[in-house]
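Since the structure comes first, as structure tokens, the remarks are kept for the end.
The values are calculated or read from the model by the stated rules, or taken from the named source; none is laboratory data. Keep in mind it's a predicted model, so treat the numbers as computed, not measured. Virtual Cβ from ideal backbone geometry, glycine too; neighbours counted across all protein chains shown. Surface areas here come from the heavy atoms of the whole protein model, side chains and all, with no ligands, DNA or RNA. Shrake-Rupley method; radii C 1.70, N 1.55, O 1.52, S 1.80 Å.
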Amino acid sequence: MNLETLLAALPNLTLHDRRLIERAYNKAQHMHAGQTRKSGDPYFTHCVAVAHILADMKLDAEAIAAALMHDLIEDTDVTYGELVEEFNETIAMLVDGVTKLTQLPMHVSTPDGTQSRDEQKRQRELETFRKMMLMMGDDVRVVLIKLADRLHNMRTLGYMKPEKQIQKARETLEMFAPLANRLGIWQFKWELEDLSFRYLQPDAYRMIARNLDERRADREAYLSQVVDLLKSDMGKNDIDSAVITGRPKHIYSIYKKMVRKDLPFQEIYDVRAVRVIVDTIPQCYLVLGIVHNLWRPIPGQFDDYVASPKDNFYRSLHTAVLDKEGKTVEIQIRTWEMHEHAEYGVAAHWRYKEGKNEDEAFDNRISYLRRLMEFGTESEEDDARTFIDNVKSDVFEDRVYVFTPKGDIVDLPAGATPIDFAYHVHTEIGHRCRGAKIHGKLTSLNYKLKTGDQIDIQTAKKGGPSLDWLNPDLGFVKTNRARSKIRHWFRHQNREKNIAAGRTVLDQVLKRLGLGASTAFDTVAALFGHDHLDDFLAAIGTGDINASQISGRVLDHEQDRHHAQTLLTTPMRPAPDIQIKPTSKSVTGIQVLGSGGFLVNLGRCCSPVAGDPIVGFITRGRGITVHRADCTNVLSTTEPERLIEVGWAHVDDRQCFSVPVEIVAYDREGLVRDIGTTIADERINMSAVNVSTRHDIATFHVTMELQDLGQLTRVLSKISCIPSVVEAHRKHSA
């Protein structure tokens, strides 16, 4: 690939632009002389290949020149100032921007200095991506060059060591392909996905590729018939200039559909796909009518991305139909301009505007991308990992498309709630959100939004968010953007209020776990590295530490503490004179230290559940009874020699544990229904329910069949949020 081939891909260049690219070509060729790639090829061939990828997308001359020289600052003696002097500031900035995405610190340490080498490596990868996303705020062409660089490296990945292949492929699939999708560059997205998939799952890749190849002849013959029939009817409607082609279905997209629908390749019928490109939007809808007149449309398989574009500005009509033989065909219909934007995304700006900045659609895209990045720069405390978690959830996940009361479209990650919507519209609306209406009907604030929902947020005149919104068990907030705004609000509140709020949350968590009387607040604070209790409570009050994190850390601590105590105070196995009856009703999922095959029962006095710190008690003739480690019967035993160490082994997903729970609430109409619905929504069975009422206070004694402690803390958190419920907690040991 030489200079003439590169320039031939850009036939509309001015004489000034041609000379600019020629000078960049000669500069890069001279400076990379003697350098080689893993394949043995001259390193300069990579620079030309990257430039050619961008030339095929018809980027401007400055971007092509920067692509040719994108490795000069990093791999040669060329400086930023030299590029400014020989070319211009813009080109130097583009080259320097690409370089900054690669030049990272060799060591990123954790606060305690104990980060492993793998963790350091992962942190550098995350920091790379963080910088890439933030660089979009300066000039999106920096990211386009980096994507082209990654695409060519993936095309030549076969020369790398296997472990390097897997690392690069995973990084590409998780970060670069979704980024290409967000920028709307389909050409980059599908190839990056397929190349990554080839190295990450080679067997699955080869299987799909082989099946596609074997069925190619039949598929092409069938699509030829579809195209001929469609052309004939379009001609009758005076649509003669349309281009109709078979649309390639890419390997990774087929694999994802196989996994999502749990189907073998033979049952993935939409590998038959057709694309129709016409001149005008009215023709798009006319062709849609022709298609639906020729074949029967499949219900629920029509998407109008012309009237309601995707969040990356993608526009097209999608439909799926059944022919007379019951075969499925996917059909896309779009104009030429839509096609250019679908294939090249933000890069289409240069195809149409030839480098000018008056393109309103382009400016809208860049403004949109910058808004997505805003939440990553609000706090100096945000590290690379937090930033990437935010980006993955708020930028790369599947989306839902909802409407404001005025009919404006808002896109959010799948699983977003009215609170996420409120914070997306405006921070203050999020802070003062107190309710929401979907299509005019009141709904809960943890309702999962669906595409097509019209949302009206009900706000208070003053006030702020609730700490409960930050509890992941309650499902109030999906987006990290909203979560970041909520935490930011709490950080700026009165410290004494935060301490009081934190104390309330901590007390509630310990009560729900049945540990309120046995676990000191100072002990929990120490588990999170806080020497001063008030600092710890303030961290809870600001939302930096949530109830779910406290539950997990406390339970881990309790298990470790009781494990250590058991090692010091219990024998390693039962005494020889103790006989144990064999039975088929022994509880599974319990491991007895030193031996097995014993009859195991769960103590009814304390009802342990998977995840609880536990200890075994050797009974006379009835095997081993397992108690919670803080059970009063264990703590008061006069025969400590009969205690034995036990632990949770693998617990069958179908196995449940009976756990007594107490719920106290102000009595009202519908209270029993609301509590029952909340428990049922968690797919929890109630084996016993007793309700007593005195002086308008209702007390529920419920025995729930639970799989583990996580399920217990989740359902108790949700019950506590039911209106008029005062508290919900696990009952203490008898």
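Restricted to helices (runs of 4 or more DSSP H) entirely inside segment 52-170, those with at least 1 residues that are under 25 Å from W190 (Cα atoms), open to solvent by less than 50 Å² (accessible area, probe 1.4 Å) and at pLDDT below 85 are 89-100, 117-135, 140-155.
Taking each residue of segment 19-37 that is among the aromatic types (F, W, Y) and looking for partners that are buried (at least 19 other Cβ atoms within 10 Å of the Cβ) and part of a helix (DSSP H, G or I) with beta-carbon atoms closer than 7 Å, six or more apart or interchain, yields Y25/L68.
The residues of segment 664-683 that are surrounded by 11 or more Cβ atoms within 10 Å (Cβ to Cβ) and not small (G, A, S), listed by number, are V664, Y666, D667, R668, L671, V672, D674, I675, T677, T678, I679, E682. Do we find that Y43 is within 40 Å of the chain's Cα centre (by Cα), aromatic (F, W, Y) and open to solvent by 10 Å² or more (accessible area, probe 1.4 Å) in this structure? It is true that Y43 is within 40 Å of the chain's Cα centre (by Cα), aromatic (F, W, Y) and open to solvent by 10 Å² or more (accessible area, probe 1.4 Å).
Conditions (1) outside any loop (DSSP other than H, G, I, E, B); (2) touching a residue at least 12 places away in the same chain (Cβ under 8 Å), marked per residue:
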{"site": "Q301", "(1), (2)": "no, yes"}
{"site": "V306", "(1), (2)": "no, yes"}
{"site": "Y314", "(1), (2)": "no, yes"}
{"site": "H318", "(1), (2)": "yes, yes"}
{"site": "V321", "(1), (2)": "yes, yes"}
{"site": "E325", "(1), (2)": "no, no"}
{"site": "V329", "(1), (2)": "yes, yes"}
{"site": "Q332", "(1), (2)": "yes, yes"}
{"site": "E340", "(1), (2)": "yes, yes"}
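M686 satisfies every condition listed in (1) in a strand (DSSP E or B); (2) of a type in the set (A, V, I, L, M); (3) under 29 Å from I618 (Cα atoms) except (3).
Per this entry, I208 is counted among residues that are open to solvent by less than 30 Å² (accessible area, probe 1.4 Å) and either farther than 26 Å from L59 by Cβ or outside any helix (DSSP H, G or I) (or both). For beta carbons closer than 6 Å, sequence separation of 6+ or different chains, a first residue in segment 484-509 that is more than 11 Å from G464 (Cα to Cα) and a second that is part of a helix (DSSP H, G or I) and open to solvent by 60 Å² or more (accessible area, probe 1.4 Å), the qualifying pairs are I499/D534. For segment 310-319, the criterion of a residue being at pLDDT below 80, touching a strand residue (DSSP E or B) at 6+ places or on another chain (Cβ under 8 Å) and closer than 30 Å to L144 by Cβ is satisfied by at least one position. Every condition in (1) open to solvent by 60 Å² or more (accessible area, probe 1.4 Å); (2) polar (S, T, N, Q); (3) at pLDDT below 85 is met by T504 except one, and the failing one is (3). The single condition among (1) open to solvent by 40 Å² or more (accessible area, probe 1.4 Å); (2) polar (S, T, N, Q); (3) closer than 24 Å to L474 by Cβ that S687 does not meet is (3).
Counting just the residues of segment 691-725 that are in contact with a strand residue (DSSP E or B) (Cβ under 8 Å, 6 or more places away or on another chain) and within 20 Å of S444 (Cβ to Cβ), which one comes out surrounded by the most Cβ atoms within 10 Å (Cβ to Cβ)? Across segment 691-725, the extreme among qualifying residues is L716.
Is segment 272-292 home to any residue that is part of a helix (DSSP H, G or I), within 36 Å of the chain's Cα centre (by Cα) and under 23 Å from P178 (Cα atoms)? There is no residue in segment 272-292 that is part of a helix (DSSP H, G or I), within 36 Å of the chain's Cα centre (by Cα) and under 23 Å from P178 (Cα atoms). Filtering M704, M686 for residues that are in contact with a Cys (Cβ under 9 Å, 6 or more places away or on another chain) and either under 24 Å from D507 (Cβ atoms) or free of Cβ contacts under 8 Å to residues at least 40 places away in the same chain (or both) leaves a single hit, M704. Screening the candidates D630, D612, D560, D652 for the property of being modelled with pLDDT of 55 or more and under 30 Å from S466 (Cα atoms) yields one hit, D612.
Across segment 234-246, the number of residues qualifying as surrounded by 16 or more Cβ atoms within 10 Å (Cβ to Cβ) and either in a loop (DSSP other than H, G, I, E, B) or in contact with a Leu (Cβ under 7 Å, 6 or more places away or on another chain) (or both) comes to 4. Restricting segment 247-268 to residues that are open to solvent by 50 Å² or more (accessible area, probe 1.4 Å) and charged (D, E, K, R) leaves a set whose member that is farthest from the chain's Cα centre (by Cα) is E267. In this structure, is E220 at pLDDT below 90, touching a Gly at 6+ places or on another chain (Cβ under 8 Å) and open to solvent by 60 Å² or more (accessible area, probe 1.4 Å)? Yes; evaluated as a whole, the condition is true for this residue.
Restricting to segment 470-501, and then to whatever is of a type in the set (G, A, S), buried (at least 17 other Cβ atoms within 10 Å of the Cβ) and at pLDDT 85 or above, can you tell me which residue is farthest from the chain's Cα centre (by Cα)? Going through the qualifying residues, I end up with A501.
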